[in-house]
Amino acid sequence: MKKLILIIFTFYVATSFTTINSSLPSEKGTLSGMVTYKTSCTSADKADAGSEIYIINESEVSSSTYRDLPMVVENFQNNKSDFAWLQYNVVDPVKVKKIQDNFDTLSGFAYRFIRGFRTMPGVVRNSADGAGKFSLTLQPGRYYILAISGNLKSDNIVESTGKILYRMVEVKSADKPMVNITFEKQDRLMPILISRSLLKGC
């Protein structure tokens with residue numbers, strides 16, 4: 001009987017200890033990085049002071065429409081490059097107007113989507129300091145990062161207050177991942193360039 005009681009007591013202590021340990025919060029990691037911008041392909045990087053960083057854990061986005069942020073940002077960037085290329089290669093005013101209207105419609109959707117993402121309850125906002133640096137302490141997990149430049153803008157509704165870039169990063173316990181982001185001023189090249197691939201950046 002005593003042996004049975006001892007076994008039960010040992011089992012209770014062991015399971016209690018496991019439960020207590022499992023309820024303890026995971027050790028956090030530190031995510032940091034630097035945001036810079038270039039005024040030309042050959043210019044030196046400058047600190048993008050005042051740029052905004054929006055971060056949210058993937059688990060808080062997975063059940064919402066905002067899980068499509070990577071696709072929305074990529075589609076917007078592709079549409080912007082296509083629009084720039086077509087502007088320099090289409091001379092028919094009617095077609096130019098149609099291209100502009102189509103780009104404006106697509107940009108309007110991206111603008112509303114990104115605005116909604118930025119206001120999600122779980123989003124953490126941070127700003128780059130005077131040296132372009134930012135740092136946050138986060139629980140382990142995968143994170144969506146949306147960066148908005150504080151110094152470079154573009155002539156469309158999405159980037160009228162600052163150019164955008166998207167990143168995904170994994171934060172592990174006691175980890176210190178770095179995420180460096182560089183914005184480029186140049187949206188488009190001179191009309192003489194006809195290669196579509198050249199419009200993708202420096």
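The values are calculated or read from the model by the stated rules, or taken from the named source; none is laboratory data. For clarity, every value in this text was computed on a predicted model and none was experimentally measured. Note that we place each Cβ from the backbone using ideal geometry, even for glycine, and neighbour counts take in every protein chain shown. When the accessible area is computed, the model is the full protein with side chains, heavy atoms only, and any ligands, DNA or RNA have been set aside. Shrake-Rupley method; radii C 1.70, N 1.55, O 1.52, S 1.80 Å.
Give me the percent of the accessible area of the stretch 51-179 that comes from carbon and sulfur atoms, probe 1.4 Å, all protein chains in place. Working shown, then result.
On the way: 3550 of 6800 Å².
Roughly 52 percent, rounded to a whole number.
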**Study point:** Per residue, in Å², the accessible surface of the stretch 47-183 once ligands and nucleic acids are set aside, probe 1.4 Å
**Key:** 52
Revision key, fill the gap. Surrounding charge for Thr39, neighbours by C-beta under 9 angstrom, Lys/Arg +1, Asp/Glu -1, total +2
Study note, to complete from the structure: Distance in Å, no decimals, from the C-alpha centre of the stretch 54-125 to the one of the stretch 163-177 is 21
